[in-house]
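The values are calculated or read from the model by the stated rules, or taken from the named source; none is laboratory data. Only a predicted model underlies this, so the values are computations on that prediction, with no experimental measurement involved. Reconstructed Cβ throughout: ideal geometry from the backbone, glycine too, with neighbour counts over all protein chains shown. When the accessible area is computed, the model is the full protein with side chains, heavy atoms only, and any ligands, DNA or RNA have been set aside. Shrake-Rupley method; radii C 1.70, N 1.55, O 1.52, S 1.80 Å.
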Amino acid sequence: MISIKKIDNNHFTVKVSNNPASNHNITLDDDDFFKYSLRNMTREKFIESSFKFLLDREPNTSILENFNLKVINNYFPEYEKKIHDYFD
């Protein structure tokens, strides 16, 4: 389970309740949000989709504790093309 708490418009805390659980401090820049998200999508939904993408590729304990979502593409070049597959 993925739970997201908004700190401000660009900063969030994410808890992944796997065993073991993990906590992550996330930054989501406006430019990236508008570039990759869909109309009427919340930032929280976009972050949740990004974490689903990550969890399909690595365990939650391997996900960085503090990062800007734009770095995902550096580790997983397919992110930009595949992230839309994770939007419900």
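Listing for the model above:
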| item | result |
| --- | --- |
| Close pairs (9 angstrom Cβ cut-off, 6 or more residues apart or separate chains): closer than 22 Å to Asn25 by Cα in the range 70-85, surrounded by 15 or more Cβ atoms within 10 Å (Cβ to Cβ) and among the acidic types (Asp, Glu) anywhere | Lys70/Asp32 |
| Given (1) touching a residue at least 40 places away in the same chain (Cβ under 8 Å); (2) surrounded by 13 or more Cβ atoms within 10 Å (Cβ to Cβ), number of the condition Pro59 does not satisfy | (2) |
| Matching residues in the range 18-49 - criterion: being polar (S, T, N, Q) and at pLDDT 95 or above | Ser22, Asn23, Asn25, Thr27, Thr42, Ser49 |
| Pair list, Cβ under 6 Å, 6 or more apart: the range 15-40 residue at negative phi, other residue acidic (Asp, Glu) and open to solvent by 80 Å² or more (accessible area, probe 1.4 Å) | His24/Glu65 |
| Some residue of the range 50-69 being basic (Lys, Arg) and modelled with pLDDT under 95 | no |
| Residues being in a loop (DSSP other than H, G, I, E, B) and open to solvent by 20 Å² or more (accessible area, probe 1.4 Å) - total across the range 62-88 | 7 |
| Residue list for the range 8-55, filter: open to solvent by less than 10 Å² (accessible area, probe 1.4 Å), within 19 Å of Asn66 (Cβ to Cβ) and assigned to a helix (DSSP H, G or I) | Phe46, Ile47, Ser50, Phe51, Phe53, Leu54 |
